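Read through the structure below, which is laid out as structure tokens, and then see the notes.
The values are calculated or read from the model by the stated rules, or taken from the named source; none is laboratory data. This structure is a prediction, so every number in the text was calculated from the model and none was measured. Note that we place each Cβ from the backbone using ideal geometry, even for glycine, and neighbour counts take in every protein chain shown. Surface areas here come from the heavy atoms of the whole protein model, side chains and all, with no ligands, DNA or RNA. Shrake-Rupley method; radii C 1.70, N 1.55, O 1.52, S 1.80 Å.
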Amino acid sequence: MSLVKKKTLLAGAIAAFMATAAFSTSTLALDPGYRAADPNNTLVIDTTKGQVIVELYPSLAPNHVERMLTLTRQKFYDGLTFHRVIEDFMAQTGDPKGDGTGDSTLPNLTQEFITRRDASFPMTVVQNPPGSVIGFVGALPVQSQVNGLIPISNDGKVNVWGLYCQGVLGMAHSYDPNSGNSQFFIMRGANSSLEKHYTAFGVVLTGLDVVRKLKIGEPPVNPDKMNTVRVLADIPEAERPQVEVMDTASPQFQAVIDAVRKDKGSTFSDCDVTVPAKILNAAPATADAKPAAPASGR
């Protein structure tokens, strides 16, 4: 199993769907089936390769989300390098030493890779393999035990955990599973071996193409950096990206799922699905400027 340790889609169908979604850049109105990204749990990461916007999910990992928000507001992440980037796997960052051995001064975190959920937990189910259900919490792919076990469990709850599809954020740790601190990674490709071993707590809404452009290496030569990391709600309103993401509980998202399932057939999985997202007030490209990185898709 590949360890993420301290040392060390169907694009056509979704693009076609998103091309039909009209929106007004003057009113910045949400499209049908879309919701605004949660400004209090969304990070804007400006890197040397472009901008990455991620949404965090405290319902799955409240302590890990709080840690990311705390360090971001301390500007801890500003200027830190992507010190470990592996092709088709992940990009790791968050080490103040830049060599995979550093942490913040805050206490280490206990893993939250399994959450206990009841029937009211906000999960959209898209698959029902034997013994489990698979779907989304927000835009994050997840898997859970079946609801049928809820009445017979000791606390009326069952387990749910994040799936390590492309774009998912996880907390790095050493061989001690409770040694997570400040280092995190973003998946460049899917890798199920990390599931139920590393806490998943967020997902890229826009900018996965940027993550895939980061220099490869352990460490890379002249590594890319996070220039700044900011909480969306903390950015002045006039400068704030207005991000909308498809609501995975909406009929519009069900149409996306149906299109992907039809194309993939029996091999369909959550990792085949990119939850559509876009920036409503993205600056348009001009004849004198290089085109901006695409603002839609993960």
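Within the range 174-204, if we keep just the residues that are under 23 Å from THR42 (Cα atoms) and of a type in the set (D, E, K, R), the residue that is most open to solvent (accessible area, probe 1.4 Å) turns out to be GLU195.
Considering MET123, MET171, the condition of being of a type in the set (A, V, I, L, M, F, W, C), closer than 19 Å to ASN41 by Cβ and open to solvent by 20 Å² or more (accessible area, probe 1.4 Å) is satisfied by MET123 alone. Close contacts from the range 76-93, counting a first residue that is of a type in the set (A, V, I, L, M, F, W, C) and at pLDDT 95 or above and a second that is surrounded by fewer than 23 Cβ atoms within 10 Å (Cβ to Cβ) and outside any loop (DSSP other than H, G, I, E, B), with Cβ to Cβ under 9 Å and a gap of 6+ residues or different chains, come to PHE76/THR70; LEU80/LYS225; LEU80/MET226; PHE82/THR47; PHE82/LYS225; PHE82/MET226; VAL85/GLY217; ILE86/GLY217.
Restricting the search to strands (runs of 3 or more DSSP E) fully inside the range 88-175 and requiring at least 3 residues that are more than 26 Å from GLY189 (Cα to Cα) and not polar (S, T, N, Q) gives an empty result.
Here's the yes/no breakdown for (1) among the aliphatic types (A, V, I, L, M); (2) under 24 Å from THR274 (Cα atoms):
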position	(1), (2)
GLY102	no, no
PHE113	no, yes
SER153	no, no
LEU163	yes, yes
PRO177	no, no
PHE185	no, yes
GLY189	no, yes
SER192	no, yes
HIS197	no, yes
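Could you please let me know if PHE113 is open to solvent by 10 Å² or more (accessible area, probe 1.4 Å), under 16 Å from the mean Cα position of the chain (by Cα) and of a type in the set (Phe, Trp, Tyr)? For PHE113, the condition - open to solvent by 10 Å² or more (accessible area, probe 1.4 Å), under 16 Å from the mean Cα position of the chain (by Cα) and of a type in the set (Phe, Trp, Tyr) - is met. The set of residues from the range 102-134 being at pLDDT below 95 and closer than 14 Å to SER174 by Cβ is empty. Go through the range 181-198 and give me each residue that's farther than 14 Å from GLN92 by Cα, assigned to a loop (DSSP other than H, G, I, E, B) and polar (S, T, N, Q). Within the range 181-198, ASN191 is the sole residue that qualifies. Considering only residues in the range 205-232 that are part of a strand (DSSP E or B), among the β-branched types (Val, Ile, Thr) and open to solvent by less than 30 Å² (accessible area, probe 1.4 Å), the one that is nearest to LEU69 (Cα to Cα) turns out to be VAL231.
Taking first residues from the range 36-47 that are open to solvent by 20 Å² or more (accessible area, probe 1.4 Å) and partners that are aromatic (Phe, Trp, Tyr), the Cβ contacts under 8 Å between residues at least 6 apart in sequence or on separate chains come to ASN41/TYR57.
Scanning the range 233-250 for residues that are under 16 Å from GLN127 (Cα atoms) and either open to solvent by 40 Å² or more (accessible area, probe 1.4 Å) or part of a helix (DSSP H, G or I) (or both) turns up just one, ALA249.
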